[in-house]
Amino acid sequence: MRVLKPEVAKQRKDNILNWVVHRYVTTGRPISSELVYEGGNFNLSPASIRSVLKELEEEGYLNQVHTSGGRVPSDKGYRSYVNNLLSLQNMAEAEKNRMEIEYDRRMEQLDYFLKSTSKTLADVSKMAGFAMFSDISNETLKRIDVVKISNKNYLSIVITDANVIKNIPFSIEVNIEKSRLRSLVFKINEKLKGVKIEDVKRILQSIKSSDETEKAFYKAIIFVMDEIKKQDDSLYLDGLSAIFSDLDGEHYEYEDIVNVARLLEEKEKFSAMLKERLKDCSSKQIMDASKNTLPKRNVEVMIGSESSIKEFKNFSIVSSSYCLKDKAVGLVGVIGHKRMEYPRVISMVDAVGSMIEEIMSNWENLYDEDF
């Protein structure tokens with residue numbers, strides 16, 4: 001009896017597992033040993049294939065739906081398949097071109113841009129798309145501009161270092177002449193450039209001034225910062241209904257579907273999980289910096305029970321961080337059932353993360369020139 005070398009046996013087992021998972025995610029039907037024998041071209045006997053499948057089941061990579069039925073991947077099986085894909089990421093040129101066309105128009109504000117991103121991901125992936133940006137309170141100011149609309153009404157334009165742009169209207173009871181307004185705006189930019197949004201209020205409140213116009217102006221800017229923090233919704237979701245379509249072959253409980261829908265509509269729990277993921281990306285970048293290596297985008301796949309959210313036990317989340325100035329500032333990704341086309345989805349999300357970095361970098365250069 002010929003005995004295979006351990007590395008050969010492992011490679012054969014990995015090949016069969018990858019084939020089974022890929023066939024399952026494309027058909028949604030349990031995979032039988034006969035199907036592997038007939039369609040896998042592994043040059044093995046039916047008995048050998050049954051033996052390998054049994055080993056994979058015993059090791060927790062596959063589950064058997066019924067005693068006499070075929071097998072489906074477990075979370076562990078999906079993880080092995082995804083890990084293999086992550087090392088071989090390639091995106092079809094046609095798919096990449098399609099994504100680039102969707103991003104052909106430059107958006108003027110980051111919040112509109114992220115809404116567009118989540119919708120684009122949902123449309124192209126046919127799943128739920130999401131995009132998020134780090135809490136604006138942690139961002140630093142690049143510039144504040146104020147435009148006079150009428151004697152008492154003004155519009156503030158707040159730009160952060162990450163080029164988040166917020167337009168907040170406000171009123172001041174006193175009439176400020178345009179020349180005086182320019183002077184106040186210049187003065188406030190000198191004081192606040194490079195300051196975190198969350199620290200602006202404290203700094204302005206600490207300034208002592210006997211000038212009533214100046215005090216009224218500082219009070220108005222404090223109001224603007226409070227409004228920015230109130231309005232901050234850094235998570236955008238689109239295409240929620242798509243994750244519940246095309247579920248043939250899956251065995252979801254109605255309660256699972258309701259729970260996921262409710263979770264994504266309320267968003268807080270999902271948003272908290274993504275923020276933790278973003279913190280992990282930032283921590284990894286700090287470690288990279290200590291090793292003098294370049295930071296990079298981080299693509300992650302969470303399969304079923306790997307998520308900290310029990311409502312996602314039958315779903316997978318594929319996300320990519322995106323960076324600005326060597327700092328992870330946000331995430332983009334998709335949510336779909338575990339039987340998703342991982343090669344296409346991983347490549348798509350990675351490409352979107354790359355495009356966002358490029359666009360935001362271009363914005364950075366643009367605003368540096370303008371201001």
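The values are calculated or read from the model by the stated rules, or taken from the named source; none is laboratory data. Just so we're clear, the structure is a prediction, and the values are computed from it rather than from any experiment. Backbone-built Cβ (ideal geometry, glycine too); neighbour counts: all protein chains shown.
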request  = For the stretch 1-55, name all the residues that are hydroxyl-bearing (Ser, Thr, Tyr), at pLDDT 85 or above and outside any loop (DSSP other than H, G, I, E, B).
outcome  = Tyr24, Ser33, Tyr37, Ser48, Ser51
message = Residue under question is Asp226, and the condition is that it be more than 14 Å from Tyr154 (Cβ to Cβ), assigned by TED's automatic domain parsing to the domain that holds Tyr154 and free of Cβ contacts under 8 Å to residues at least 12 places away in the same chain; does it hold?
response = no
inquiry  = Within the stretch 49-80, take every residue that is of a type in the set (S, T, N, Q) and out of contact with any helix residue (DSSP H, G or I) (no Cβ under 8 Å at 6 or more places or on another chain) and give me the one that is surrounded by the most Cβ atoms within 10 Å (Cβ to Cβ).
reply    = Ser74
key: Conditions (1) among the small types (Gly, Ala, Ser); (2) farther than 30 Å from Arg202 by Cα; (3) modelled with pLDDT under 70: number failed by Ala261   = (3)
inquiry  = Among the residues in the stretch 305-324, are any surrounded by fewer than 20 Cβ atoms within 10 Å (Cβ to Cβ) and more than 19 Å from Ser74 (Cα to Cα)?
reply    = yes
request  = Please work out if Ile149 is touching a Leu at 6+ places or on another chain (Cβ under 8 Å), surrounded by fewer than 21 Cβ atoms within 10 Å (Cβ to Cβ) and without any contact (Cβ under 8 Å) to a residue 40 or more places away in the chain.
outcome  = yes
query = Which condition number in (1) under 30 Å from Ala128 (Cα atoms); (2) touching a strand residue (DSSP E or B) at 6+ places or on another chain (Cβ under 7 Å); (3) assigned to a helix (DSSP H, G or I) is the one that Tyr236 fails?
reply = (3)
query = What is the residue count in the stretch 175-201 for residues that are in contact with an Asp or Glu (Cβ under 7 Å, 6 or more places away or on another chain) and either more than 22 Å from Ser137 (Cα to Cα) or polar (S, T, N, Q) (or both)?
reply = 1
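Does Val72 satisfy the criteria of being in a strand (DSSP E or B) and not assigned by TED's automatic domain parsing to the domain that holds Phe315?
Numbers: in a strand (DSSP E or B): yes; not assigned by TED's automatic domain parsing to the domain that holds Phe315: yes.
Yes.
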query = Mind checking whether some residue in the stretch 172-195 is surrounded by 13 or more Cβ atoms within 10 Å (Cβ to Cβ), in contact (Cβ under 8 Å) with a residue 12 or more places away in the chain and assigned to a strand (DSSP E or B)?
reply = no
note = Only unsatisfied item for Ser116, checking (1) part of a helix (DSSP H, G or I); (2) surrounded by 14 or more Cβ atoms within 10 Å (Cβ to Cβ); (3) modelled with pLDDT under 70, is (3)
ask   = Of all residues in the stretch 1-58, how many are within 16 Å of Arg71 (Cα to Cα), in contact (Cβ under 8 Å) with a residue 12 or more places away in the chain and charged (D, E, K, R)?
value = 8
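Conditions tested, residue by residue: (1) outside the structural domain of Asn189 (by TED's automatic domain parsing); (2) closer than 22 Å to Leu237 by Cα.
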position	(1), (2)
Gly129	yes, yes
Lys142	no, no
Lys148	no, no
Asn153	no, no
Ile159	no, no
Ala162	no, yes
Lys166	no, yes
Pro169	no, no
key: Hits in the stretch 260-274 - residues which are in contact with a strand residue (DSSP E or B) (Cβ under 7 Å, 6 or more places away or on another chain) and over 15 Å from Tyr236 (Cβ atoms)   = Val260
query = Just checking, which of Arg12, Arg50, Arg29, Arg23 is in contact with a strand residue (DSSP E or B) (Cβ under 8 Å, 6 or more places away or on another chain) and not assigned by TED's automatic domain parsing to the domain that holds Arg339?
reply = Arg23
